[in-house]
Every structure is written in structure tokens, then in C-alpha cells.
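Let me begin by presenting the structure, written as C-alpha cells, before commenting on it.
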Amino acid sequence: MQKPFISVEGLTRRFPDASGKGTLTVFEDLWFGVEEGEFACVIGHSGCGKSTILNVLAGLDSPTEGSIVAAGKHVDGPSLDRAVIFQGHALMPWLTALANVELAVSSRHPKWSTQQVRDHAMKYLALVHLDGSEDKKPAQLSGGMKQRVGIARALSLEPRILLMDEPFSALDALTRGALQDEVLSIRSKIKQTIFMITHDVDEALLLADKIFLMTNGPKAWVAEVVENTLPKERSRTDLHKLPNYYPMRNHLIEFLVTRSRELALNPGQRPKERMPPIVRPMAIFNPVAAVTSEAGKPAHPMQPGSASVA
Amino acid sequence: MHASLTVRAALVSLLLLGLGLGAWHLAVARSGPAVKMDPEYAKLMGATATQGKSAMPGPGEVGAKIWQHLRDPFYDKGTNDKGIGIQLAYSIARVMTGYLLAVAVAVPVGFLIGMSPLMSQALDPFIQVMKPISPLAWMPLALYTIKDSSISAIFVIFICSVWPMLINTAFGVASVRKEWLNVAKTLEMNPVRTAFRVILPAAAPTILTGMRISIGIAWLVIVAAEMLVGGTGIGYFVWNEWNNLSITNVITAILFIGVVGMLLDQVMAYLQRLISYAD
Amino acid sequence: MAQALLLRLRRGDAGRDKAARRDTRGIHKGTVMSFKDPFDPANTLAHSCSCGEHESQAAHDAAVVDSTDKRYERVVQSAIVRAMFPQDAQRRAFLASVGASTALAAIAQFFPLGMATEALAQAQGAPEKKDLKVGFIPITCATPIIMAHPMGFYAKQGLNVEVVKTAGWAVIRDKTLNKEYDAAHMLSPMPIAISMGLGSTAVPFAVPAIENINGQAITLSIKHKDKRDPKQWKGFKFAVPFDYSMHNYLLRYYLAEHGLDPDTDVQLRSVPPPEMVANLRADNIDGFLAPDNVCQRAIFDGVGFNHILSKEIWDGHPCCAFAASKAFIAEAPNSYGALLRAIIEATAYASKAENRKQIAEAIAPATYLNAPVTVLEQVLTGTYADGLGEIKKDPNRVTFDPFPWESFAVWMLTQMKRWGQIKGEVDYAGSGKQVFLATDATKLMKEAGFTPPPATSKTFVVMGKTFDPAQPEDYIKSFAIKRT
């Protein structure tokens, strides 16, 4: 069987606990895959270890057990092919916007001339509409602009995989929306595999093709994979008008509000199968509304699609 | 209408200076009753003995002396008598030599300590013990082992300026934000490039704070060190004039020492402004 | 005035140097005029026969009966005296003023450590090292070392000597031990202490010449002007310049003779001389036994008065010394010889009362003593204000005589033992000989046919009590107050 583009296999991460004697298992035996060109999103409560998954993917952290294979290669450290957009913008405050991007470009292309590096960096700053602000230091930029620089920096690497760690969580709602639009528009131009962490349901619905739902920690696991059933072409403004919007949204919210906690309290409910079930929540009048699982058995007792049309 | 704060502050400064100088003048101006003395005997005695003059000079005398030094700061009348400009240059050269050596040692070692928790813990007890030692306490040991007084003076400058820089560098390096280091990692930067492009600029303000503290200490210490070993330098000048009981020259030298110390500090402050960053 | 003098001296130098070289060549050619005792002030060294001693060459030839060795020694002696004083008038004046034996003894120090013969074979060999550094402490005791610089005595010997003012005795010791200085002005007990390893590592040091005798004083705070009896001094705080100093030993001696135990009845502190006046003014100390110009400066500034001069304790006591490590003497004998010639010449010059005013002016500037000329004149001429309203006159307040009597060293050793600075058995005579190079002097004087001082040691009287250098232990035992 062909492995997915990103294949997470049996990933477990334990940290020493507060007493220093025992260990704390954040998540255990995770299995899931992301296909090339897919926009995957992990949703879960704080403490479920979603940032840790991203760190392992980025090569900044290593798993206690299991491994990740990305683009056919075993992940055992950071790589320029896996660019990270950090939660805080993580810009070097002593460098201008341009220099921040240039630092990345010259790391990617050490042999390039200064001019080549500059042109390439400018190209990506222009992509995030920051041409004109390239000589400003981060302190002179607004929060949204800083994160744009962060995005430009990651994109300038032209990575095969883009990792986003709650990239907009520190921004106010208006800016966040604008940046989400930005990501959508970039995505229409550059087809990259994207793995994003978020706890914003609408953000996931807007951006992601596939949403991994994680139970609460400790010993969290991916309870199910929700396939986004909204049309590919969607925008933030008319998202809520789409027919499958509410079933999707309610399914996610319901998971976050109740099921993530209940599942964590009853680890016995974790299915034996490695791969989490795939769920496609849909409006009740949709003739193909169904809940299927990869293993071919009922996913779980609730009918996620139907419950929410009220 | 109020004048700006700066102007008002300057006026208050001037007023305080005037009051201080006035009080100084009054305090030393009183001349005791002229002592009755055989004129032949009086010829052999100094003014403090014959006219009951205060042993402290007044502001006028000090001012005249400063002017005298400023008019000819670079005269050279032999090994033991050089102009105040030359003496200051000697002291500054000594301070700079010891100080730059300290920079050359403290910054790399500080880097090492800052980046390695192991080294940090291993070296900590040594640093804690060495740091509080008065630099001048090293002097006899330096003279004994180095067997050269001017190198000993430089060593003392070195040893006193190394600690603040070492500690600040280590602290600055250790507290470089994890996220910047993560950026460097994801960019696959090698350790040298990370050190120069990320850690050094990130820790630079902290390092420079240490350097600024150090230069202040070094300047404090050089005066005392030169008073001990003599030869050249502003400390020697003070000692030489103290030897001649010329309080006027001592006060003059004190003012010069203060001004040079301030200038050194300002240079460091300027550098600090250059490399600091707003977050 | 001083400047004119300097010029005169310097101008004279070149000519004298040439003369010296001519004379040296003469020796190598084997002329025998040097048989004549060059230390006899009555002699001229003008030539009437080939040696100048005889009325005619015939008379001369008849007189040549000396053994070759002795003749050789004398030739060299004579050569050196003439090298130093090529002008007869000057030479005679010098010998008359310091005494032939003293001069020879001092000059004989050119040949230290038994290497005389080799050194003499080359007579005045070129200095191995021309640029020398000599450290000094800015006090009048250093007069010969200092004045030799402005007055050109060093230059005349072909040396480029830098006289470096130094902050204190410990520093001058360390810098000399570290070879930063080639030779230095020290307190005369210091080379003994250094050689014995007291207060430093033991390094063999030598005193080839004493610099000054007398020249110190007990100065008391002006508020004690009515307490002239030492018995009233209980609880006083006194300053001395250094632990290993004649000042320390003389003050202790003086106090003990008046029934005060210097360790329990009063407090003695080591204070650098420059700080003494300030401390006296600040009332931190009640008095000090210090080198001049410090004593006179306290009087000049109206904060102290002269209680007694140190010569009233021991007339003719040594104070400071010209000291060098034996390593330097062995490594650079010619430089050392040249240096010493300059010092001895300067000492001879300084010993003359009529030169003292000029010297005062020459050494007063900031680069040397950095002291008011009035003060230095009072010290050097011995006409001084006593701080109590009287002008006193004592031409021997300070004087200069280079002979390093071994018994001086022995006396210092007895005092070191007496006050517990050294413990156990002391080889007085041996230690004295090692450091104070008087033995060579006597030996050379005898070989040269002079009447040397009765011994390299002499007895002297300290506060009415005669010191016999042959009986040092008995001397110590005779004191009521001691630490042994």
C-alpha cells in the first residue's frame, strides 16, 4: 500500500512529569496520514499535544516512540523542506522585514548572490502585500504584518510542506480574518501540503481539507478524521451560507465540548484499529449523507450529520 | 509659559554648581590670623604655616590649574613628569588593552556557558568565588607571577572586567528566545551561523550591558592600580601629586578622571543604542 | 643656576670620556705610571717619567720591582680612578672630600664577587647593557641616584639610565626582583631581608654602596610640642616607612632606650612616606620617624615639629642603599661598574656642602622629588626651621658616604633578631658579608697598597652605647626590651 505523503506512525511522546520521577504521556500511538497537496488541520484542546505533533513534524522535537515519514523521508530533524510558521511570529527583532526573509532565503540558497537573495525575498514579501514595508523592523509593524512576514519567510523557502502552529491565534478577529483570506489566496497560487494546528473551528472549516480531532490529554489520540464536505471554492464571508456548514461546525463543536473529554475519561473506547475513522458530516437532506469509516463499521453511536439541522 | 524641562534642569544644575563652588570657596577662603614669625624663619615655612592658609585649595586655584593642564596637556619632561594628556592616554591604553583582552575571553566563554547548561553549572562555583574578589587583591599575585608591573596592571584590568561580561554574555545567550533558535533550526543553520546571525545579535544588548559595567569598573580600578605600581598613567599622576601634597593637582586629576570615565561610559551607551532592538 | 651647572657638567663629559679612553689605551700599552698610588690627593697624574712617579725615567726604571700581579692590580686601580676623574684637580678634590680609603673602597666595588681580575683585564669594557632602569622613592635619601640623571653622571659613563619614581618600598622590591629595574634605591635593611627571604622570595642581593648617612628625623604633631620627653608618649601612634627600615629600628631603639616597649606601649605602622604628612595633619598619627623631605615638609606645612634628628640617635647611621641583585652584577659587570661609578661620583659630589643648593634645585622638579625647593634646601644644607620657631643649623643633618660597612649589616641583623623579624641562629658576619660588599673593598685596598679601614667592620656608638660587631648576641642580650 502506498504510504501517504506525510505518514504518522505509532507516534508517542512522553515527558518527565512534575515530580521528575515518572513520565507524563501526552499522546500515545498516533496513526494518521496527509496526502500531498492536502491542507490538514489538527483541532483539540490545549494539552492534547497538538503543538508537540507539529514540533515532531518540524524536527524540533523527537518522539518517544514511533516515527514520521514525510515526502518519503524519515523525519529525524529540521529540514528546509518543512517550513514552519510559528505561533508568535518569531521574527528576529533586530532585522528588517526584508532581512528576516533574506535570512531564510540565504539559508535555502547559500550560493546565491546578495541581489538574487534580495529579489527572491522581495517576491514573497510582495506575495503577502508587504512590499513597501520591507525596511521596517518588526517593532514598527502591526501584529498582522509581522505574521505576514513570518508567512513570507516560510513560503520563500519553497518548502514541500508548510507547518503552521496556530498562526493567527495571537491576532485580533479582524486581522485574523484578513490573514485567513491571505492564506486562501496564496493557496490558490501555490499548492503545498499544509499541516496546521488550530483551536478555531471556523478557521479549520475555511482552510482545511481534512480535520483531525484529538481527544483531551494526557494519552490523547486522534479520535476521528473529519473530511471537509464544503465546496472547494469557499470564502470567509459566505462560509456560513453553505449547506454543510452547520453540520460540519456542530460536529466539530460537539466533539470539542463533550466528546473530547468523554473519550479521554474512557480510554477503553479507543478502537483497536490503528487508523482513525473518517467522518463526513452532512446536512440531513443530502442523499449521500453517511457516516463511514475506513474500517467499514459504524463510526460511533451518534449520527453527527443529522443532529444539527435545527 | 514654562521653559522646557531640559532648560529648567540645566538651570537647576548650574545653580547647584554655583552653590557648591560658593560653599567650597567660603569654606577654604578663611585665612587664619597671620602668625607672628621671625621673617628669616618665615622664609623657610610654607603658606599654610605662615598665613594660616587652608591646606585645601579654592575653586579658583583648581580652575587655574585645570586651565594650565589644558593649555599644555602633552608636555614630556622626562620619565616621571608628563602632561596630563599623556598620562590619561597611558591609562586609557592600559584600560583598553586589558578590557579588549577581557572581551576576547569573556564573550566566547560566556557563549559556551550560556549554550551549555553543563558548563554553566560546572563553572558557576568558580565564577561565584572569583567575581567578588577586589581586583586590587590580585595585584600582589600578578606582580609575583607576571613579574612585570605594567602587564600586572593590565591583568588587573582584565580580571576585573571579565566577570560582568562573562556573566552577562552567559545570561544573554542562555535567554535567547527558544523560538528564534527554532527558526534557526528549521532553516538548517549550522552552529556557527546560528551563533553569529541569531544568538549574538539576540544577546548583544545584554552583552553590551555587561561591557558597559566592565568599562566602568576598569576605569575605577586603573586609577588605583596605577597608584600602586606607579610609572605612568593618571593614577600615577594623582599619587605623584599626593606625594607633593598638591591637593590642587589631585582635585584637578579627580575631575579629569571623572570626565574621562563619563566619556567612556557614553561611548558604551552609544554602542548600546546602536545594537539594541525593540521587541 | 642648576641648568647652567648641568650644561657645564655635560659639556665637560665628552672631553673627559675621550681622556678616559686615551688612558685606557695607555694601560694596555704597558705604561707603568699607574704604580703611583692614585688615591693620594697630593699626587698628580701628570707625566714626568713614564709613570709620573719619578723625577726621571731612570729613577722610574730603578723603582720597578713590584711583582707582576700586584702591578697589574694597581695599574687597573689607577686606570679606573683616572677614568673617573681624568682631571687631576677634580680627582684631588674628590679624594680630599670623601677620604681616600672610602673612595677606594667604594670604587673597589667595580670588581665584585671575585671576578676582579677578568673584569680588570678589560678595564672599562663596554657596558653589556646601556639602557638601564633604576627605581627610586622620592625622598632626599635618593639624592645621588636622582641627581646623577639631571647632572649627567650616568651619561658620562656611557649609560642611558632612566630613573623611575616608584610608589613604595614593596613595589620597588617587587620591580627589582622582577628585573623591571636593573638596580634600585632601597632601604639598607631591605637587601638583607630579600637575601634572607624575609617578606619575599629569597634572592641574593647586594649593597655595593650606601647612599646617605643620617638625614632622618623624629617629627611629632605640633600639638605635642610640650611633650618632649618620650616617657610622655605612651599610646602614641607612630609611622615608619617600612618594616625592614633603619627608621623602624632607630625608632624602636630610641623608644626602648626611654623605657617604652615599641610593641605594646605605642603603635607602629608602616605608612608610605608621602602619606605621613597627610596622616599627621588628619591626626591619624602622633608622629613618625621618616626620611626627609617628609619631615621638613611637615614642618613647612605647619603640622609638625622636629623632635630630634636621627643623627642624635646614631651619628653616621646608614639609611638608604644602592642595591642590585647579584644576578645583575654577574650578568652585566661592566654596566654595573659604570652604574656604580656614576653613583659614587654623584655621592662624592653630593657630599660637598657647597653643592647642596644646586642639587636641591636639580632634584626638586616634578619628574624627580616633586617637592618645594625651600624644603629640599633646608634638608640638604642643614639650615632649617625646626617647626617651633627656631632656625637650626647642622651641616651634617644629611650627608653622603658610600662605604658599605659590614658592621652596619650586622647591626641591622641584631635589630631584626631583637624585634623578632628573624628567629633562631643568625650568621651575622656571614650574612653581612654576603650583602654588604665591603670585603672586596678591603682586599683590593690592601693589594693596592693602601691602608684600608682597620676592618670591613667598625664599632660605632648608638645612643651612648658602643656596638661591637664581633659580639652581636651579647649586644642583643644587653637590651632590657626585646622580643627574643
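The values are calculated or read from the model by the stated rules, or taken from the named source; none is laboratory data. Everything numeric in this text was worked out from a predicted model, so none of it was measured. Note that we place each Cβ from the backbone using ideal geometry, even for glycine, and neighbour counts take in every protein chain shown.
Exactly one of (1) outside any loop (DSSP other than H, G, I, E, B); (2) at the interface with chain B (Cβ under 9 Å from one of its Cβ atoms) is unmet by A:V117. Its number?
The failed condition is (2).
For the stretch A:37-61, enumerate the residues that are more than 12 Å from chain B (Cβ to nearest Cβ), part of a loop (DSSP other than H, G, I, E, B) and surrounded by fewer than 22 Cβ atoms within 10 Å (Cβ to Cβ).
A:G37, A:E38, A:H45, A:S46, A:G47
Quick check: anything in the stretch B:62-77 buried (at least 18 other Cβ atoms within 10 Å of the Cβ) and closer than 20 Å to B:G216 by Cα?
Checking the stretch B:62-77: not a single residue is buried (at least 18 other Cβ atoms within 10 Å of the Cβ) and closer than 20 Å to B:G216 by Cα.
If you go through the stretch B:87-103 one residue at a time, do you hit one that is surrounded by fewer than 19 Cβ atoms within 10 Å (Cβ to Cβ) and within 14 Å of another protein chain (Cβ to nearest Cβ)?
No: zero hits.
Quick check on the stretch C:375-390. Is at least one of its residues away from chain B (no Cβ under 14 Å), at pLDDT 85 or above and either in a helix (DSSP H, G or I) or crowded, with 24+ Cβ neighbours inside 10 Å (or both)?
The answer is no, given that none of the residues of the stretch C:375-390 is away from chain B (no Cβ under 14 Å), at pLDDT 85 or above and either in a helix (DSSP H, G or I) or crowded, with 24+ Cβ neighbours inside 10 Å (or both).
Mind listing whichever residues of the stretch A:50-94 are touching a residue at least 40 places away in the same chain (Cβ under 8 Å), among the aliphatic types (A, V, I, L, M) and in contact with a helix residue (DSSP H, G or I) (Cβ under 9 Å, 6 or more places away or on another chain)?
Residues satisfying the conditions are A:A58, A:I68, A:A70, A:L80, A:A83, A:V84, A:I85, A:A90, A:L91, A:M92.
In this structure, does B:A42 turn out to be part of a loop (DSSP other than H, G, I, E, B) and within 14 Å of chain C (Cβ to nearest Cβ)?
It is false that B:A42 is part of a loop (DSSP other than H, G, I, E, B) and within 14 Å of chain C (Cβ to nearest Cβ).
Whether any residue in the stretch B:48-58 is facing chain C (nearest Cβ under 9 Å), closer than 19 Å to B:N249 by Cβ and part of a helix (DSSP H, G or I) is what I want to check.
Yes, the stretch B:48-58 contains a residue that is facing chain C (nearest Cβ under 9 Å), closer than 19 Å to B:N249 by Cβ and part of a helix (DSSP H, G or I).
Just for the stretch A:62-74: of the residues that are away from every other protein chain (no Cβ under 14 Å), surrounded by fewer than 20 Cβ atoms within 10 Å (Cβ to Cβ) and in a loop (DSSP other than H, G, I, E, B), which one is farthest from the chain's Cα centre (by Cα)?
Of everything passing the filter in the stretch A:62-74, A:T64 is farthest from the chain's Cα centre (by Cα).
Going by what's in this entry, would B:I151 be described as touching a Ser or Thr at 6+ places or on another chain (Cβ under 6 Å), free of Cβ contacts under 8 Å to residues at least 24 places away in the same chain and more than 30 Å from A:P167 (Cβ to Cβ)?
No, not satisfied.
Looking at (1) hydroxyl-bearing (S, T, Y); (2) within 12 Å of chain B (Cβ to nearest Cβ); (3) closer than 14 Å to A:L11 by Cβ, find the lone condition where A:S79 falls short.
The failed condition is (3).
Restricting attention to the stretch C:307-366, and to residues there that are in a helix (DSSP H, G or I) and aromatic (F, W, Y), which single residue is surrounded by the most Cβ atoms within 10 Å (Cβ to Cβ)?
C:Y336
Only one of B:T252, B:T232 is under 19 Å from the mean Cα position of the chain (by Cα), assigned to a loop (DSSP other than H, G, I, E, B) and either within 14 Å of chain C (Cβ to nearest Cβ) or within 27 Å of B:G83 (Cβ to Cβ) (or both); which?
Answer to the check: B:T232.
Okay, residues lined up against (1) farther than 30 Å from B:L245 by Cβ; (2) at pLDDT below 90; (3) within 14 Å of chain B (Cβ to nearest Cβ):
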residue	(1), (2), (3)
C:N334	yes, yes, no
C:L340	yes, yes, no
C:A353	no, yes, no
C:Y368	no, yes, yes
C:L413	yes, no, no
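Could you tell me how many of the residues in the stretch C:130-160 are in contact with a helix residue (DSSP H, G or I) (Cβ under 8 Å, 6 or more places away or on another chain), within 10 Å of chain B (Cβ to nearest Cβ) and outside any loop (DSSP other than H, G, I, E, B)?
3
Is at least one residue of the stretch B:237-248 farther than 21 Å from C:V277 by Cα, within 11 Å of chain C (Cβ to nearest Cβ) and either touching a helix residue (DSSP H, G or I) at 6+ places or on another chain (Cβ under 6 Å) or crowded, with 22+ Cβ neighbours inside 10 Å (or both)?
No, the conditions are met nowhere in the stretch B:237-248.
Results for (1) modelled with pLDDT of 85 or more; (2) surrounded by fewer than 12 Cβ atoms within 10 Å (Cβ to Cβ), shown as yes or no for each residue.
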position	(1), (2)
A:G217	no, no
A:T229	yes, no
A:T237	yes, yes
A:N250	yes, no
A:R259	yes, no
A:L263	yes, no
A:N266	yes, yes
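Hey, any hits in the stretch C:357-372 for a residue that's closer than 20 Å to B:P39 by Cα, charged (D, E, K, R) and touching a helix residue (DSSP H, G or I) at 6+ places or on another chain (Cβ under 8 Å)?
No: zero hits.
Can you work out which of the residues in the stretch C:167-178 that are closer than 14 Å to B:M227 by Cα and under 18 Å from the mean Cα position of the chain (by Cα) is nearest to the other protein chains (Cβ to nearest Cβ)?
Step by step, filter the stretch C:167-178, then rank; the result is C:I172.
Yes or no, residue by residue, for (1) within 14 Å of another protein chain (Cβ to nearest Cβ); (2) modelled with pLDDT of 85 or more:
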{"residue": "B:H2", "(1), (2)": "no, no"}
{"residue": "B:L15", "(1), (2)": "no, yes"}
{"residue": "B:G18", "(1), (2)": "no, yes"}
{"residue": "B:G60", "(1), (2)": "no, yes"}
{"residue": "B:D81", "(1), (2)": "yes, no"}
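If I filter the stretch B:196-242 down to residues being of a type in the set (S, T, N, Q) and out of contact with any Phe, Trp or Tyr (no Cβ under 9 Å at 6 or more places or on another chain), which single residue comes out as nearest to B:I159 (Cα to Cα)?
Taking the candidates together, the pick is B:T209.
If C:N284 satisfies every condition in (1) farther than 20 Å from B:T48 by Cβ; (2) part of a loop (DSSP other than H, G, I, E, B) but one, which is the exception?
Of (1) farther than 20 Å from B:T48 by Cβ; (2) part of a loop (DSSP other than H, G, I, E, B), only one is false for C:N284: (1).
Which of the residues spanning the stretch A:6-36 are of a type in the set (S, T, Y), over 26 Å from A:R160 (Cβ atoms) and assigned to a strand (DSSP E or B)?
A:T23, A:T25
Might you let me know whether the stretch C:396-403 holds any residue that is closer than 15 Å to C:C295 by Cα, among the basic types (K, R), more than 9 Å from every other protein chain (Cβ to nearest Cβ) and within 22 Å of the chain's Cα centre (by Cα)?
yes
From the list B:I213, B:I254, B:I234, exactly one residue is surrounded by fewer than 18 Cβ atoms within 10 Å (Cβ to Cβ), touching a helix residue (DSSP H, G or I) at 6+ places or on another chain (Cβ under 9 Å) and modelled with pLDDT under 95. Which is it?
Matching residue, one of B:I213, B:I254, B:I234: B:I254.
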